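Chemist: After the structure tokens below, expect a handful of questions from me.
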């Protein structure tokens with residue numbers, strides 16, 4: 001399932017990939033990605049992608065409201081920090 005999410009006039013791409021037991025959730029910004037706990041931060045770090053991870057989320061609205069738990073170093077360079085909301089992290093990566 002794909003969905004366009006608008007924040008402060010900026011469109012973001014939401015992607016939900018079903019698995020056997022859950023969904024892999026990701027929202028793509030121009031310069032990074034907000035991902036659920038299913039996403040590997042270690043891989044993002046290895047390839048140099050800006051990624052912020054939220055956990056305990058079931059849909060895109062949950063992702064926007066959740067606190068960022070972990071960030072890649074590339075995301076940190078964009079100003080993304082643990083503790084900010086997913087919404088704020090996306091706006092930093094737009």
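Chemist: If I take every Cα pair under 8 Å that is 6 or more residues apart in region 2-92, average their sequence separation and divide by the length, what percent do I get for the relative contact order?
Modeler: 20 percent
Chemist: Show that you can apply the helix-only estimate: for the chain, add -39,500 (n - 2.57) for every DSSP H stretch of four or more residues, divide by all residues, and state [θ] at 222 nm to the nearest 500.
Modeler: That calculation yields -6000 deg cm²/dmol at 222 nm.
Chemist: Roughly what percent of Cα-Cα pairs across the chain reach past 17 Å?
Modeler: 41 percent
Chemist: Taking only the alpha carbons of region 6-55, what extent do you get along each of the three principal axes, in Å, biggest first?
Modeler: Between the extreme Cα coordinates on each principal axis of region 6-55 lie 34, 26, 15 Å.
Bear in mind these aren't lab numbers, they're just calculated from the coordinates by the rules spelled out. Given the structure is predicted, the values throughout are model-derived calculations rather than measurements.
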